[in-house]
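These notes concern the structure reproduced below.
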2 protein chains.
Amino acid sequence: MPEPLSPTHDRTVFFVSDGTGITAETLGHSVLTQFEHLRYRPQRLPFVDSADKAREASARINEAGVRDGKRPIVFSTLVDPTVSAAMRAGAEAFFIEMFEAFVEPLERELGLQSTHTIGRSHAIRVNSEDYKNRIEAINFTLAHDDGQSAKGLAGADVILVGVSRSGKTPTSLYLAMQYGVKAANYPLIPEDFERGQLPTALPHHKDKIFGLSISPERLAEVRHERRPNSRYAALENCRSEIEAAERMMRREGIRWLSSTTKSIEEIAATIMQEVRLERRSY
Amino acid sequence: MPEPLSPTHDRTVFFVSDGTGITAETLGHSVLTQFEHLRYRPQRLPFVDSADKAREASARINEAGVRDGKRPIVFSTLVDPTVSAAMRAGAEAFFIEMFEAFVEPLERELGLQSTHTIGRSHAIRVNSEDYKNRIEAINFTLAHDDGQSAKGLAGADVILVGVSRSGKTPTSLYLAMQYGVKAANYPLIPEDFERGQLPTALPHHKDKIFGLSISPERLAEVRHERRPNSRYAALENCRSEIEAAERMMRREGIRWLSSTTKSIEEIAATIMQEVRLERRSY
């Protein structure tokens, strides 16, 4: 039983889909971030793939509307017109139908009929090349996290380097998951700075190395969460590691960016562009 | 220099954004999967956040159109009307402007002005609670992959169980990355079946256990890729492990699904719904 709408929630927003709801959520959330002062309670309704489930969905939409005293916003990617009609017939809400808005104009432009097939975008394509690439990329990335293995680096699409906690692991995983890219990552550690050389496995692969840096203040904060009051987390130590890492990357001609104010998505999208990586999976 | 459009590519499709381009790609790809017979060459143009970059974008769009002999399709999430106008002024293409289509009607519905702010959806919110939840979830999931650690299972939102290669690791990582959910995973191994009991760490956490199963044929295929011609991958062995795992899950009252024909997104969305997990991060 959801709690009543608090004064900070202006609306309940439903993301309705015949599949996972990821497309509806991604677009809906992007659009809603354009309304700075709107607070909303998100509700996912995935796998609405029959008229019966559509009627259940509209009942839930109506309950929320009655409870809130305001009609809900519904972002829908329902594809089947019968299912979509069954939802709309019963519900008092503001509907944003993503497919309706775009599929019909595209039919005219392409001179093709759309299939109106449910849940296609994340659907049964588990045997596809595409999907295998992605699982392979995830496995590769896990096996090559944090310099675990120098073996197989030749198979990497990109190798991220940077000091501990500069964002290498989440970025590598995101690259694998979202883009199907095999992303290894290698830490730059104080011993490397003393030797004044890249870790020995790396110089052969310079064309696919990409560096992550971070502000010393932010790094100290992140490291403090992991090991409070350690030398590892001390601002002075963070500053000297970062300086040494940036000096090394500059000297070796390694491209890099600062992750300080960037989300994983932004770091990953920038790397895709800079290293000119091709997406291997949808 | 992209190769010329092959006969299997009917169009070049651009995903243009002032941010990462992920929203444009996600929606665009979803919409295009509705056209079964369309083959297209996707081109990402992220970080188009000035009129100058918009003009560069339209030059690239026009090059593709001339090369293909067909005008490109452009999915755009450009927010700034000046930038958007600069792109459209120069380019001969079929434009699908996602924000224009939805933001204005929403302004009227909400009685709020949109901010027309660039790249908000994946933008600088690195210090937000939301974002911290997500990084924490990724770290938790990595530390609790494949039964690595029984410590801290109390902090898990969900614990996936299943035989080796049933899809636990990619699903756990996806749950962490996409939904900010702390997902541990634990293998069910022949020793557990012999003892006839769940791994000892698990019975305390039964309310948050979710099982993954898979068809023996598919499992044998996946395991053969990893260890060809091993006993581990033999169909007979896969069949007996799966039967034992399903028997155990049934006896213990553990909810489970078969991952055989499902994508990671579908498995994850189903788990979110079944375990009634709340999204912790956008």
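Below, the figures for the structure above:
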{"item": "Degrees separating the helix B:129-143 axis from the principal Cα axis of chain B, which is the longest one", "result": "40 degrees"}
{"item": "Positive-pole candidate from B:Ala85, B:Ala24, B:Phe35, dipole of segment B:11-110, charges at beta carbon", "result": "B:Phe35"}
{"item": "Under-5 Å amide H pairs with B:Thr12, H placed in peptide plane, nonlocal only", "result": "B:Arg41, B:Ile73"}
{"item": "Nearest 10 degrees, 0 to 90: helix A:98-110 Cα axis against chain A principal axis", "result": "80 degrees"}
{"item": "Cα→Cβ-extended label distance, 7 Å offset, between B:Ser215 and A:Ser149, nm", "result": "2.9 nm"}
{"item": "Protection proxy ranking, peptides A:227-237, A:102-112, A:177-187, A:35-45, average beta carbon neighbours within 10 Å, highest first", "result": "A:177-187, A:35-45, A:102-112, A:227-237"}
{"item": "Peptides B:164-172, A:54-62 ordered by average Cβ neighbours within 10 Å, highest first", "result": "B:164-172, A:54-62"}
{"item": "Gain upon complete extension [B:His37, B:Glu109; 0.36 nm per residue less C-alpha separation]", "result": "22.2 nm"}
{"item": "FRET efficiency for A:Glu100 and B:Arg255, using Cβ-Cβ distance with R0 set to 35 Å, rounded to 0.05", "result": "0.50"}
{"item": "GNM flexibility winner over chain A from A:Ile96, A:Ile159, A:Ile209 (Cα, springs under 10 Å)", "result": "A:Ile96"}
{"item": "Least to most buried among A:His224, B:His29, B:His204, B:His116 (fewest other Cβ within 10 Å first)", "result": "B:His204, B:His116, A:His224, B:His29"}
{"item": "Inter-copy separations for B:Asp52, label at 7 Å along Cα-Cβ, nm, ascending", "result": "6.1"}
{"item": "Segment B:192-282 - percent relative contact order, Cα under 8 Å, separation 6 or more", "result": "34 percent"}
{"item": "Number of partner chain Cβ atoms within 10 Å, mean per residue of B:33-44", "result": "5"}
{"item": "Relative contact order of chain B, defined on C-alpha pairs under 8 angstrom at six or more residues apart (%)", "result": "15 percent"}
{"item": "Residue-averaged beta-carbon neighbours from other chains (10 angstrom radius) around B:208-217", "result": "0"}
{"item": "Three-way shape label, segment B:11-110, alpha-carbon gyration tensor, a/c 1.5", "result": "oblate"}
{"item": "Label point 7 Å beyond Cα along the C-beta direction, distances from A:Glu194 to other copies (nm, shortest first)", "result": "4.6"}
{"item": "Label-to-label distance, nm, for residues given as A:Ile189 and A:Lys132 (7 Å Cα→Cβ offset)", "result": "3.7 nm"}
{"item": "Extension gain (nm, one decimal) between B:Lys70 and B:Arg231, 0.36 nm per residue minus Cα-Cα", "result": "52.6 nm"}
{"item": "Global form of the protein assembly as shown, assessed from the alpha-carbon gyration tensor, a/c cut-off 1.5", "result": "rounded"}
{"item": "Average other protein chain Cβ within 10 Å of Cβ, residues B:272-278", "result": "2"}
{"item": "Structure-based [θ]222 nm, the protein assembly as shown - -39500 (n - 2.57) summed over DSSP H runs of at least 4, per residue, nearest 500", "result": "-14000 deg cm²/dmol"}
{"item": "Folded to 0 to 90 degrees: helix A:168-179 orientation relative to chain A principal axis, Cα", "result": "40 degrees"}
{"item": "Distances in nm from B:Ala154 to the matching label points in the other copies, shortest first (labels 7 Å along Cα to Cβ)", "result": "5.0"}
{"item": "Set of aspartates and glutamates near A:Lys53 by C-alpha distance (under 13 Å), chain-local residues within fewer than 8 positions excluded", "result": "A:Asp18, A:Asp80"}
{"item": "Semi-axis lengths, Å, chain B, gyration tensor of Cα atoms, sqrt of 5 times eigenvalues", "result": "45, 25, 15"}
{"item": "Interchain or long-range residues, amide H under 5 Å from A:Leu188's placed H", "result": "A:Gly162, A:Val163, A:Ser164"}
{"item": "Cross-link pairs beyond the 30 Å C-alpha cut-off, checked among A:Lys206/B:Lys151; A:Lys182/B:Lys182; A:Lys132/B:Lys70; A:Lys132/A:Lys206; A:Lys151/B:Lys208", "result": "A:Lys206/B:Lys151; A:Lys132/B:Lys70; A:Lys151/B:Lys208"}
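A short reminder: the numbers here are calculations on the coordinates, not readings from a lab. This structure is a prediction, so every number in the text was calculated from the model and none was measured. Note: ideal-geometry Cβ built from the backbone for every residue, glycine included; neighbour counts use all protein chains shown.
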